[in-house]
Amino acid sequence: MRADPPEEHIAIWRPAAGVVCIRGTTNQYAVDPNGETIVGMVTAGAMLARRRGQRHILRAGEACIWDASSRHAGSPYGGRHWAARMIVIESPALDELLADVDAPVRTLTRLRRNDPVLRDPTLVAKLLSLHRALEQAPRGLASDGLLIEWIEATAGVPPRTRSFDAARRDLALRRACELLSDVPDANVTLRELAAVAGSSRHRLSRLFRTVYGMSPHRFQLAHRVRRARSLLEAGVPISEVAQRAGFADQSHFHRHFRRTLGMTPARYVRALRSDVQDEPARPS
């Protein structure tokens, strides 16, 4: 008799800057993406996802695209666990990717869907091929082209609005993002940030919400979490990461790290794999 797969087994690796891949089996999750777009697919079993008061059922062979504007959570559907593959694209990396996408599909809102579930078998098959390619690629090998190809394949999603276009090109937003990205530990106020950006506080907040679906403060937290994740991946002790990433203290660090990724820093370290390309791919 075939034994059931383990309740939870998760592998995490970073195939390129700004991109994190996750593969495994679990029986629950809850994340607050904080500026990150999450693309995932169920490879075995089924899950029930909850977001903004809505329920979405994903079965094996179905995928989803979660934009960065709301937290979401999942539980098994019709079983004790499910298996999935996920790609987490950090907002700066997504911006760079979209800059190279052909004009007709050059939009973040193509990854913002009223219905996050993708059932198109062609798109799902392309996503599975993409994830497997990112798993086999040598660490550090540029994977932008593969990601762009998949983004282009989603061209049927409604295009962005003119207001989004204008906001994303706004110089004030770029100046503010540069400061928060380059110095994630800077404890700047909204007034100071607006002064650097050459904008009013209200207008700057509106720009962030239009483009990233969040306030400047949450955008800064997102960069701090990303900085912490990179430090953990580099082997920096957890006890040192909070201060180096710009968090007020260990409690502040653990709270936001867990809320963003759905796991503690210690669990993230345990799940990391440093040499994915040297391990044979497991069938999904």
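Observations
- Among the residues making up segment 72-97, a single one is touching a Leu at 6+ places or on another chain (Cβ under 7 Å) and among the aromatic types (Phe, Trp, Tyr): 77.
- Residue under evaluation residue 33, criteria (1) assigned to a loop (DSSP other than H, G, I, E, B); (2) at pLDDT 90 or above, criterion not met: (2)
Per-residue answers, yes or no, for (1) in a strand (DSSP E or B); (2) modelled with pLDDT of 85 or more:
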site	(1), (2)
12	yes, yes
15	yes, no
20	yes, yes
42	yes, yes
45	yes, yes
50	yes, yes
58	yes, yes
68	no, no
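Listed here are the residues, each with its yes/no results for (1) surrounded by fewer than 18 Cβ atoms within 10 Å (Cβ to Cβ); (2) aromatic (Phe, Trp, Tyr).
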| residue | (1), (2) |
| --- | --- |
| 34 | no, no |
| 45 | no, no |
| 60 | yes, no |
| 72 | no, no |
| 77 | yes, yes |
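- For residue 192, the test of being under 21 Å from the mean Cα position of the chain (by Cα) and surrounded by fewer than 18 Cβ atoms within 10 Å (Cβ to Cβ) is failed.
- Selected residue (criterion: modelled with the highest pLDDT) from residues of segment 237-265 that are outside any helix (DSSP H, G or I) and not hydroxyl-bearing (Ser, Thr, Tyr): 237
- Hits in segment 203-236 - residues which are assigned to a helix (DSSP H, G or I), free of Cβ contacts under 8 Å to residues at least 60 places away in the same chain and hydrophobic (A, V, I, L, M, F, W, C): 204, 207, 208, 228, 231, 232
- Residue satisfying condition, being of a type in the set (A, V, I, L, M), under 22 Å from the mean Cα position of the chain (by Cα) and under 25 Å from residue 86 (Cβ atoms), within set 231, 173, 207, 179: 231
The values are calculated or read from the model by the stated rules, or taken from the named source; none is laboratory data. Values in this document were obtained by computation on a predicted structure and should not be read as measured data. We place every Cβ from the backbone using ideal geometry, glycine too, and count neighbours over all the protein chains shown.
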